[in-house]
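Reading through the C-alpha cells given below for one structure.
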C-alpha cells in the first residue's frame, strides 16, 4: 500500500485481510449513488474518463482509447452487473493487472486498515498477466500463511480445490478471505511441485519493527527487522534506532526480507533516519511530472548499515533499499527484490464501487525504474532448501547466526565497521 500527499494511493498487490473503511474523496455516497444505479452507462463512462485523465501510459497500451469509449457507450446495459462486466472487459485492454475495477463489496474489502490489526491468512498476492498466474508477493511474518511455509513467488493454482485458471485477482481475494477461525486450503506450485496448505484465518496484530542488540566478536550490533511499512513503522523504527544508539552499537543490520511494502510516507520517513541529504524517491506520471521526496538532514545514525532483502521485499521495501543502495549508505545482501515500481490511485465511484488506476511509476535516486526488474543486492546469497526449511520450522533462527543470509550480512558489516570513521569515534568516547 502506498499513500501520497495527494490522496489515497495503494500498491498493486491484493492483501488477504479483513478491511475497514478509509476516508477520502468519493467514498461518501449520496444522490449520485441512485443516479448510477439508474444509469449504469454513466458508470462505464466515469471509469473511462478517469483512465483517460490519469493513466500512466498516454498510449493506453497502444490502443485507440477514444474508440474504446465509443464502443462501450454504444451498448445498452440493463443493470449494474452488465456495466461491471463491461468495465472489466474494457480495462483488460490495458493489459495492466494493477488497474482494476471493484464492485462495492470488493471495494469495501480492499480498503485496508493500516492500524496494524488485521484478519486473514496474511499474504499479499498479485496477478502475473503474462503467465496468467496468481502469484504470492509475500507472506506477512507471524501470520498463518507465513507459519505454514508459503513463500514469495509461490503460484496459487487452486483455492479450496477450485482452479485459479482464468480467475481474477478480486475473485481470488474473495475466496481466500473469510471470518477468523474458518479454514481455506491453498494449492501452491513451487517449481515442479504442488502442495496443499490448509490455513486457519485469524486476527493478526502486527508490530512492524522488532529490534535487539546482538553481542558479537566486533562488539554490539543492532539488528532491526521491519515487517511492514504501516502507520506505526516510522515511530517504532525511530524508537529502535534511538535505543540502539544509546547502547553504542557498532553498526546495524536492517532486515527487509519478506516485507511486502506498505505506506509510501513510512518508507520516506524511515529513509530519512538513515540518509541525511539527497533524493529518496521520485514518482513520474505520463506527463513526466516528477515528485521528489528528499532527505531533510535528520538522520539518526551514520554508522555502517547492511540491509537484507529477498524476492519478498516489494514496493516500499524497494523504495527504501534502492535509496540506501544508490546513496551508498548501505550494502544490500540477499537475493533480488520483487520488482514492483508502479503507483496506484484508488478512488470510490458513484455507486459505491471502486477503481484502482496505475498513475505513476517510482524511480530510485539514480533514476532506476525497478518495475519487473527488482533491485539486485550488492552481495547475492541464496538460501538452500535445507536452510529455508530450517528457518521455517524455527522462526527464532531468523536474524541469528543460524541464518546464512544474516551470517553474510554480519561478515559484510564487520568489514564496514573496521573502516568506518563513525564507529572509530564511538570507540574513543
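Since every read-out is calculated from the coordinates, none of them should be taken as a lab result. Because the structure is a prediction, the values reported are computed rather than measured. Please note: Cβ atoms are built from the backbone with ideal geometry, for glycine as well, and neighbour counts cover all protein chains shown.
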Seminar exercise, completed: In degrees, nearest 10, the alpha-carbon axis of helix 264-274 is tilted away from the dominant principal axis of the alpha carbons of the chain by 10
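So for 184, 281, 306, fewest C-beta neighbours within 10 Å to most, what's the order?
184, 281, 306
Can you give the calculated 222 nm mean residue ellipticity of the chain, where each DSSP H run of n ≥ 4 adds -39,500 (n - 2.57) and the sum is split over every residue, rounded to the nearest 500 deg cm²/dmol?
Details: 13 runs with 133 residues, N = 429.
It lands at -9000 deg cm²/dmol.
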Problem set entry | Cα-based helix-to-principal-axis angle, 316-326 vs the chain, degrees rounded to 10 | 50
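One-quarter of the Cα convex hull surface for the range 245-331, in nm²? If you can, show how the numbers build up before the last one.
Working: hull surface 24.5 nm².
Mean projected area for the range 245-331: 6.1 nm², to one decimal.
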For this session: Within 10 Å, count the other beta carbons around each residue, average over each peptide in 400-412, 67-79, 170-182, and list them highest first.
Result: 400-412, 170-182, 67-79
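Return 63, 270 ranked ascending by Cβ neighbour count within 10 Å, so the fewest neighbours appear first.
Working: 63 13, 270 28.
With the fewest neighbours first, 63, 270 line up as 63, 270.
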Exercise. Using a simple spin-label model with points 7 Å from Cα along the Cα→Cβ vector, what separation in nm is obtained for residue 75 and residue 163?
Worked result: 2.5
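Rg(Cα) of the range 119-204 divided by 2.2 N^0.38 Å? Walk me through the numbers on the way to the answer.
Details: Rg = 11.7 Å, N = 86, 2.2 N^0.38 = 12.0 Å.
This ratio for the range 119-204 stands at 0.98.
At 20 °C and 1.002 mPa s, grab the translational diffusion coefficient of the range 340-392 from Stokes-Einstein with a Kirkwood Rh over Cα pairs, rounded to a whole number in µm² per second.
145
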Exercise. Using r as the Cβ-Cβ distance of residue 415 and residue 328, and R0 as 22 Å, what FRET efficiency do you calculate, to the nearest 0.05?
Worked result: 0.95
Seminar exercise, completed: Going from the fewest other Cβ atoms within 10 Å to the most, one would list 230, 298, 317 as 298, 230, 317
Exercise. Can you pull the three principal axis extents for the Cα set of the range 206-419, in Å, largest first?
Worked result: 60, 40, 28
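Where both partners of a DSSP beta bridge lie in the chain, what percent of those bridges are antiparallel, to the nearest 5? Please list the in-between numbers first.
Numbers: 62 of 78 bridges.
Counting DSSP beta bridges with both partners in the chain, the antiparallel share is about 80 percent.
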For this session: Would you mind checking the radius of gyration and Dmax of the chain based on alpha-carbon positions, in Å?
Result: 22.4, 79
For this session: Mind pulling the angle between the C-alpha long axis of helix 40-54 and the longest principal axis of the chain? Nearest 10 degrees, somewhere in 0 to 90.
Result: 40
Problem set entry | Viscosity 0.692 mPa s, 37 °C: Kirkwood-radius Stokes-Einstein D of the range 329-429 over Cα pairs, µm²/s | 189
